[in-house]
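Encoded as structure tokens, the structure appears first; notes follow it.
The values are calculated or read from the model by the stated rules, or taken from the named source; none is laboratory data. Treat the numbers as computed from the prediction; the structure is a model and nothing was measured. Cβ sites come from the backbone with ideal geometry, for glycine too, and all protein chains shown count toward neighbours. In case anyone asks, the SASA skips ligands and DNA or RNA and just uses the protein heavy atoms, side chains included. Shrake-Rupley method; radii C 1.70, N 1.55, O 1.52, S 1.80 Å.
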Amino acid sequence: MTASVGDHLLERLTTGGVRRIYGYPGDGINGIMGALDRADGGIDGSGPLEFVQVRHEEMAAFMACAHAKFTGEVGVCLATSGPGAIHLLNGLYDAKLDHQPVLAIVGQQAMTALGGNYQQEVDLVSLFKDVAHEYVHMATDPAQIRHLVDRALRIARAERTVTCLIIPNDLQGEDAVPEAPRAHGTVHSGPGYSEPARVPDQRSLEQAAKILNAGERVAILVGAGALEATDEVIEVAELLGAGVAKALLGKAAVPDDLPFVTGSIGLLGTKPSYDLMTDCDTLLMVGSSFPYSEFLPEEGDARGVQIDIDARMIGIRYPMEVNLVGDSAQTLRALIPLLERKADRSWREQIEAAVGDWWGVLEARAMNDADPINPQRVFWELSSRLPDNCILSADSGSSANWFARDLKIRRGMKASLSGTLATMGPGVPYAIAAKFAFPDRVAIALVGDGAMQMNGNSELVTIAKYWQRWSDPHLIVLVLNNRDLNQVTWEQRAVEGDPKFDAAQGLPDFPYARYADLIGLRGIRVETPDQIGGAWDEALSADRPVVLEAVTDPEVPPLPPHITFEHAKALTSTLLKRDPGSRGIIRQTLRDKVEEFIPRR
Ligand SMILES: Cc1ncc(C[n+]2csc(CCOP(=O)(O)OP(=O)(O)O)c2C)c(N)n1
Ligand SMILES: [Mg+2]
């Protein structure tokens, strides 16, 4: 049988290094699905490609994004024309905003029908023009497939972005043209991509070193761009006697068990990170576009050096004196010989003392009583039990606070969430993609009940379908059952001064653990604080994936590291407006705040 365009598309993807496609079928891609079957694209690992069936196309895009985040390879998702393509969008924006290489392949109505107001006919080139603006093309001739695939994969990698190919369904069944005749108007592309070396010029490095050597109180802020530069960041911090704060996506860039790592920064961050930025005289920013200026030094207070691989991301958050465009690890390696070890270690000692105290504050906060369970305690108990090399994902919600603050991440672990889009929903699909990419590692998703009801519960079905294929069965979904869209409830209280609007914020209860049991997973529900440690132990040694449902108190405030006068004023006026949670809020806020003032050493 002659190979079809669908067959050729898959063959070219395989040549480009793709091994897995997340997706959902439909008649817009039947020609590709048939080809997948012929290519033995089942999930038993015997074929060159495996197709993973999700519950919703948005989840396929989240999984492709997570694949890229956890492996560095291009993540690929596949959806049908019209509705399937539209469903992909939010997950693709998650990838685009966090600079991840993802290729979306979507079907389209037959070329013979386009322009005919045909069923499911959507102008897909326009639809994807923003999210995949670096490269979105619709194929109309079999000879295009080769260069479209080669370029879509290469541009996704090189630009660290989303690309999109639209393949009309009648084209998919046509005969493949893997090699067009050499003629005017034909393109003869090749596959493959290798990262170039990216190191700034020596003069810029020397200027940067001069500033860093002159500083007496150096702060380092790292983001996702520093994930592959752990040794280099640590060495620079040692030389400069600096503290290291982390943006959310850089959580795994440096381990939390180092005494000069101040942890997360920002609204979800720590007080030592806040103080580090406020008191420093020099800021070195590595691979981060952390957005909130109120958590960075005040303009003029600190001299700045930034390293980023993308010139578009340079100098956009703080006016830097030296901007180094380059790979983080390579640039830091080139910088290290130019740095002088700071003899005066008093700034470093101050940071280490603050970090030591802060872990004590977090532990005390976690141990405070709540009604019935303090969510901080759930994360605190997990922290010391995190298995080596585990892969963590967090959803957007209060869990992101506790993920950011309470988990002491160690070397070798991976951790991610929707950093820039901050969308609800990625927690469970990210963990699924982690298990497909690294079946021998433990994956743990930290998710709110709102996100579970939005999509996580459905995606548990995907876990139930596939988990027996993973060499290690451990995938744990922690659900914070607080019957509330808690993060937003708190934002409304603390930022707007509005009380909880129950009609919008309250969530119906749902038996998450029982549901897990029903579909063949294990469900564990904890209702009292003393059950938490044992529940984690049980989940981490179970013979199958687990949903660990913790009934947590929605009145535990995800306090920012410093309470500003505006926050305090807003919160006070909230309480005066008879918020249904007033009594609990006062109790918990005081408890957590008091912990900061108790001397601990
Ligand atoms: C798709 C989407 N819709 C709405 C929001 C706004 N939002 C951010 S966090 C949040 C609450 C999440 O609630 P839940 O999952 O229950 O977590 P909790 O904060 O209660 O722990 C909402 C509504 C968002 N970020 N993304
Ligand atoms: Mg909730």
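So which residues in segment 238-251 are small (Gly, Ala, Ser) and either assigned to a helix (DSSP H, G or I) or crowded, with 23+ Cβ neighbours inside 10 Å (or both)?
242, 243, 245, 247, 250
Is it the case, given these coordinates, that residue 453 is free of Cβ contacts under 8 Å to residues at least 60 places away in the same chain and part of a helix (DSSP H, G or I)? Step through it out loud before you land on a result.
Details: free of Cβ contacts under 8 Å to residues at least 60 places away in the same chain: yes; part of a helix (DSSP H, G or I): yes.
Yes: the conditions hold for residue 453.
Starting from segment 10-26, take each residue that is aliphatic (A, V, I, L, M) and list its partners that are part of a loop (DSSP other than H, G, I, E, B) and open to solvent by less than 20 Å² (accessible area, probe 1.4 Å), counting only C-beta distances under 9 angstrom and pairs at least six apart or across chains.
So the pair list comes out as 10/18; 10/41; 10/49; 13/49; 18/49; 21/41; 21/49.
Would you be able to tell me the number of residues in segment 371-391 that are closer than 24 Å to residue 70 by Cβ, touching a Phe, Trp or Tyr at 6+ places or on another chain (Cβ under 7 Å) and more than 16 Å from ligand 2 (Cβ to nearest atom)?
Total satisfying the criteria: 3.
Within segment 507-601, which helices (runs of 4 or more DSSP H) (wholly inside it) include 1 or more residues that are under 24 Å from residue 364 (Cα atoms) and at pLDDT 95 or above?
Once the helices (runs of 4 or more DSSP H) in segment 507-601 are filtered for at least 1 residues that are under 24 Å from residue 364 (Cα atoms) and at pLDDT 95 or above, what remains is 532-540.
Every residue in segment 426-442 that is more than 16 Å from ligand 2 (Cβ to nearest atom) and part of a helix (DSSP H, G or I), please.
Result: 429, 430, 431, 432, 433, 434, 435, 436, 437.
Tell me which residues, restricted to segment 1-32, are open to solvent by 40 Å² or more (accessible area, probe 1.4 Å) and of a type in the set (A, V, I, L, M).
1, 3
Cβ contacts < 6 Å: first residue at pLDDT 95 or above and of a type in the set (Val, Ile, Thr), restricted to segment 402-430; second residue open to solvent by less than 10 Å² (accessible area, probe 1.4 Å) and in a helix (DSSP H, G or I), any location; separation 6+ or different chain. Result?
Every condition considered, the pairs that remain are 423/94; 428/456; 428/459.
Could you please give the count of residues in segment 475-488 that are in a loop (DSSP other than H, G, I, E, B) and open to solvent by less than 30 Å² (accessible area, probe 1.4 Å)?
Number satisfying all stated conditions: 1.
Tell me, which helices (runs of 4 or more DSSP H) lie completely within segment 340-425 with 2 or more residues that are open to solvent by less than 50 Å² (accessible area, probe 1.4 Å), more than 14 Å from ligand 1 (Cβ to nearest atom) and touching a Pro at 6+ places or on another chain (Cβ under 8 Å)?
346-367
Restricting to segment 493-521, give me the number of residues that are open to solvent by 30 Å² or more (accessible area, probe 1.4 Å) and polar (S, T, N, Q).
The total comes to 0.
Could you pull out the residue among 484, 498 that is of a type in the set (D, E, K, R) and modelled with pLDDT of 95 or more?
Values: 498 fails: modelled with pLDDT of 95 or more.
The unique qualifying residue is 484.
State which residue is surrounded by the fewest Cβ atoms within 10 Å (Cβ to Cβ) when the search covers only segment 443-455 and only residues that are of a type outside the set (S, T, N, Q) and either away from ligand 2 (no atom under 13 Å from the Cβ) or more than 16 Å from the chain's Cα centre (by Cα) (or both).
454
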